[in-house]
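Some notes on the structure that comes next.
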Amino acid sequence: MSTARAKWIEALNTGDGSKITFEGEVPFGGGEVLRYRLENGLRVRLLVDRSAPVVSYFTWFGVGSRHEKPGKTGLAHLFEHLMFNETESLKAGEFDRKLEENGAESNAATWLDWTYYYESLPADRLSLAVELESDRMAHLVLREPQVASEKEVVANERRFRVDDDIEGTASELLYKTAYTVHPYHWPTIGWMEDIHNFSPEDCESFYRTYYAPNNAMVVICGDIKEKDVLAKIQKAYGPIPSSEIPFEDTHPEPPQLEERRVAIRKPTPTEKLYIGFHGPALGDADHAHLTVLNEILFGGRASRLYRSLVIEKELASDLRGWVATFRDPGLYELHFTARPGKTAAEIEAVLAEELDRAKKVPISEDELVRAKARLELSTLQSMETMSGKAEQIGFYETVLGDASVSFRRLEEYRRTTMGDVLRVARRYLVDRARTTIHVQPEEATSCAPASPRGTEAAE
Amino acid sequence: MTTRIELEGGALLYVEESHAIPLVEVVVSTRSGSAHDSVEKQGLFRTTLGMLRRGARDLTSHQIEDALDRLGSEISLDVNASISTVYGQVIERNLGPFIELFATLLESPTFPEDEFGRLKREIVADLIGARDNDRALAQRAFRRGLFRDHPYSRSAAGTIPGVESLTTDDARAEYRKHFVKGNIVIGFSGDISLEAAEKHARRLIRDIPDGPRLEDPVPPPAPIAGRRLVFVDKPERTQTQIVIGQLGTSPHDDDHIPLTVANAVFGGTFTSRLMREVRSKRGWSYGASSRLGIDRQRHSFAMVTFPAATDAAACIALQLELFTDLVEKGITARELAFIKRYLARSFAFEVDTASKRLHQALDVELLGLPANYYSGHVAQVEAVTLEQANTALKNRLTTRDLLVSIVGTASEIEGKVREAIPELGAHDIVPFDRD
């Protein structure tokens, strides 16, 4: 640690406030993430970036839907909504109003492993974020009218994201089927019945348990002065007591020993397939290798499956692959939309051939080069904005405890060999570990088999 | 500050330099778009642009895609009524070869017959697949109902019969018409110097023929008369998607900025009137907003909500009340002061990346916006008086002429929705998969 930094930290720590500890620097692109911790456990990560006069302020909580219990699903997400309500010193609606009045953009997100809140503000308005975020970490008011109204908002969010959306319905069903004991079994938004049943007491108990500084991390990225920011953080968050975070008693998902298939009917013109193979956790060395394989199979129009299914055989109109980025082993998800008049079975036959090939024959050197270049491009694209950088830092720190992983991932992609790709294909593309959701059109909305005028058959 | 450079033959270049990330964005736009499509051949311009990566000089489509990937680059398209844009992005160290490839695609597309047929079939499949998207269905019904025979009523992607009728000769002719120097504006943003940008821009247009800027074929749209309902009927909807609106404003109207400010009070932020009444107080819809579209001609004003099917009629009734209140009573001095602070301070996020700054400059150039549309935006917003904002509401919006478009299950709620719209005139029920 530099002498100057040691001196001003010492100065900050001379008062009665919560002591700040410097925990080192982590390289991040051309800069470095500075890591601090308050006595009450709050982790602080700073990235000084003067490329624009703005600042992004993320608060990450180490709680997501994985921390819920059956019958109480969706609580972590409902809570994300409630955090924009009343505090002991701010009436309902004032939180957003203060931010807007100062030109801030703000939002929040919840997923399986985490929840975050962010504000992006003009750089000279940083104090407001410190003030508002520390306030709602400690002084939220959870009363019946707000809880009831927010439950309705979330029920409506569920309708458009899941119930009336084919991909949302199928994705929920995929995880519900692929996981039997691990909490990834239920959706982050929660089952509708659970959403309707939450009480203010459920919310209060959740808040007191998980919304504490020792379960949180503040990431600040932008045109900031390190010392000034820390002084503000220390003053605002220092008095907040830490809580006892419950020991997480999660059962690992047992190996899947046989393929699972579910078929549903929907008012859609075309068949769809949602497939999940049990894959690696984000922190597993295989994760980067499987991501490279995914690029070769699905990344861009020169990828194997795009060429085969869209261009050569014209069976699919849309396809995607994604290796879930979760703390515990997630799914390697494959999505396909059939062309009008084509069937999911035709797609599955081609997919089987391609996956078999991936397991038997090494990829080419050229494919490896292209996949790595595409992954480098997408990594850089995710860092184009201040909030993009803050999100990357917070995500890797929260899930893996290390902000530098986002750049180390690039190194892992670069080091990936043809042998690595062949090995992960054999390890994860296993039929018995596969779950398939097959969406079929209802009679009235299906497109007849393709013919020269086939597309009009649906009209 | 974005730099503007005049190139040969009337082509223009805009450059916005930033070395924060080793990426370069390359944009090639035309001052013309899908409004040039004929009614019979809707989708022609977008399909034509789609062919630029399907074969060029001696390169096949597959070789082009391989090369793009190898360079760590991407190309994508955005076509709307008045302008079109081919976006490229590349890792900085590969910029030189990327420009060579991009230039080849622009100057020597080959329009192979088999690729053309394949692209048309892909577009038709996408048009059918779009029936899964309720929000897009509601937006389309709104656009068609509001603009009717006007070019703004159409989607750049086209119609199934329109796309099926296209030939490679159509595409070649369309390409020759639009891709002439006088009709082209190039933009660079990111990790590139001004000198390098100018050199690469000249390479991009080197073999593009001379030719004039295309005239905009779009007349001013005519307002609708009365209150109308278009109900897009889809089975099993637990929720509705609703768009309510009318014609809004043109960026050249004197009261455009005052109306923009008043609209922000009504539905432009998380604490706006619509959001507060529909979401915060009643929990009826996850989102509730209003916006003013802009183009060269007067465009739309639209409110968007998505309540549960059981709340749809009540939500429409509430929105009509709120809208009537807005037009008749206007906004308050307190609301005006608040929204000015929001709009002025949040402008930092309209210009916080090189790409955003570049696209503001391109918008001004390509849409022919007033020169200070963005650069003077904050000052203009701050100068808006209460009287100007409320006069703009009365001058530009009316409670008489409104179009309501909704996606839902008609057998369950259509009657209640009709009852929720006082003085409703024409109303149609349209199957969601009619086209």
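Figures for the structure shown
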| quantity | calculated |
| --- | --- |
| Meets criteria (within 30 Å of residue A:441 (Cβ to Cβ) and not assigned by TED's automatic domain parsing to the domain that holds residue B:366) for residue B:187 | no |
| Among (1) under 28 Å from residue B:184 (Cβ atoms); (2) open to solvent by less than 20 Å² (accessible area, probe 1.4 Å); (3) of a type in the set (A, V, I, L, M), the one test that residue B:351 misses | (2) |
| Tally of residues being part of a helix (DSSP H, G or I) and in contact (Cβ under 8 Å) with a residue 40 or more places away in the chain across region B:53-78 | 3 |
| The one condition in (1) within 12 Å of chain B (Cβ to nearest Cβ); (2) under 30 Å from residue A:259 (Cβ atoms); (3) among the hydroxyl-bearing types (Ser, Thr, Tyr) that residue A:416 fails to fulfil | (1) |
| Check on residue A:419, of a type outside the set (Val, Ile, Thr) and modelled with pLDDT of 95 or more | yes |
| The listed residue being among the small types (Gly, Ala, Ser), away from chain B (no Cβ under 14 Å) and touching a residue at least 24 places away in the same chain (Cβ under 8 Å), out of A:205, A:134 | A:134 |
| Whichever residue in region A:378-412 is touching a strand residue (DSSP E or B) at 6+ places or on another chain (Cβ under 6 Å) and within 14 Å of chain B (Cβ to nearest Cβ) and, among such residues, is nearest to residue A:290 (Cα to Cα) | A:380 |
| Failed condition for residue B:296, given (1) open to solvent by less than 30 Å² (accessible area, probe 1.4 Å); (2) among the charged types (D, E, K, R); (3) within 26 Å of residue B:141 (Cα to Cα) | (1) |
| Spans of helices (runs of 4 or more DSSP H) in region A:383-440 with at least 1 residues in contact (Cβ under 8 Å) with a residue 12 or more places away in the chain and touching a His at 6+ places or on another chain (Cβ under 6 Å) | A:418-428 |
| Lone qualifier among B:253, B:311 - being within 14 Å of another protein chain (Cβ to nearest Cβ), over 18 Å from residue A:107 (Cβ atoms) and open to solvent by 10 Å² or more (accessible area, probe 1.4 Å) | B:311 |
| Top-ranked residue in region B:24-70 [being open to solvent by 50 Å² or more (accessible area, probe 1.4 Å) and within 12 Å of another protein chain (Cβ to nearest Cβ); ranked as farthest from residue A:367 (Cα to Cα)] | B:60 |
| Any hit, region A:163-176, residues being touching a strand residue (DSSP E or B) at 6+ places or on another chain (Cβ under 6 Å) and free of Cβ contacts under 8 Å to residues at least 40 places away in the same chain | yes |
| Qualifying strands (runs of 3 or more DSSP E) (wholly inside region A:230-328; at least 3 residues being open to solvent by 30 Å² or more (accessible area, probe 1.4 Å), in contact (Cβ under 8 Å) with a residue 60 or more places away in the chain and in contact with a helix residue (DSSP H, G or I) (Cβ under 8 Å, 6 or more places away or on another chain)) | A:260-266 |
| Residue A:101 being open to solvent by 30 Å² or more (accessible area, probe 1.4 Å), in contact with a Lys or Arg (Cβ under 9 Å, 6 or more places away or on another chain), within 14 Å of chain B (Cβ to nearest Cβ) and more than 22 Å from residue A:225 (Cα to Cα) | yes |
| Residue within region A:181-195 that is within 10 Å of another protein chain (Cβ to nearest Cβ) and open to solvent by less than 40 Å² (accessible area, probe 1.4 Å) present | no |
| Lone unmet requirement of (1) open to solvent by 10 Å² or more (accessible area, probe 1.4 Å); (2) within 23 Å of the chain's Cα centre (by Cα); (3) among the hydroxyl-bearing types (Ser, Thr, Tyr); (4) away from chain A (no Cβ under 14 Å) for residue B:324 | (2) |
| Test result for residue B:81, out of contact with any Pro (no Cβ under 8 Å at 6 or more places or on another chain), of a type in the set (A, V, I, L, M) and part of a loop (DSSP other than H, G, I, E, B) | no |
| Count of residues meeting criterion [within 23 Å of residue B:223 (Cα to Cα) and either part of a strand (DSSP E or B) or not hydroxyl-bearing (Ser, Thr, Tyr) (or both)] in region B:384-406 | 16 |
| Residues satisfying the stated conditions in region A:119-135, i.e. surrounded by 23 or more Cβ atoms within 10 Å (Cβ to Cβ) and hydroxyl-bearing (Ser, Thr, Tyr) | A:120 |
| Residue in region B:329-339 that is of a type in the set (A, V, I, L, M) and within 10 Å of chain A (Cβ to nearest Cβ) present | yes |
| Exclusive hit being within 19 Å of the chain's Cα centre (by Cα) and not charged (D, E, K, R), set A:162, A:153 | A:162 |
| Residues within region A:1-37 that are under 28 Å from residue A:388 (Cβ atoms) and of a type in the set (Asp, Glu), tallied | 3 |
| Selected residue (only one of B:21, B:5 is part of a loop (DSSP other than H, G, I, E, B) and either on the phi < 0 side of the Ramachandran plot or surrounded by fewer than 23 Cβ atoms within 10 Å (Cβ to Cβ) (or both)) | B:21 |
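The values are calculated or read from the model by the stated rules, or taken from the named source; none is laboratory data. It should be emphasised that the depicted structure is a prediction, and the values quoted were computed from it without experimental measurement. Please note: Cβ atoms are built from the backbone with ideal geometry, for glycine as well, and neighbour counts cover all protein chains shown. The area values use the complete protein model at the heavy-atom level, side chains included, leaving out ligands, DNA and RNA. Shrake-Rupley method; radii C 1.70, N 1.55, O 1.52, S 1.80 Å.
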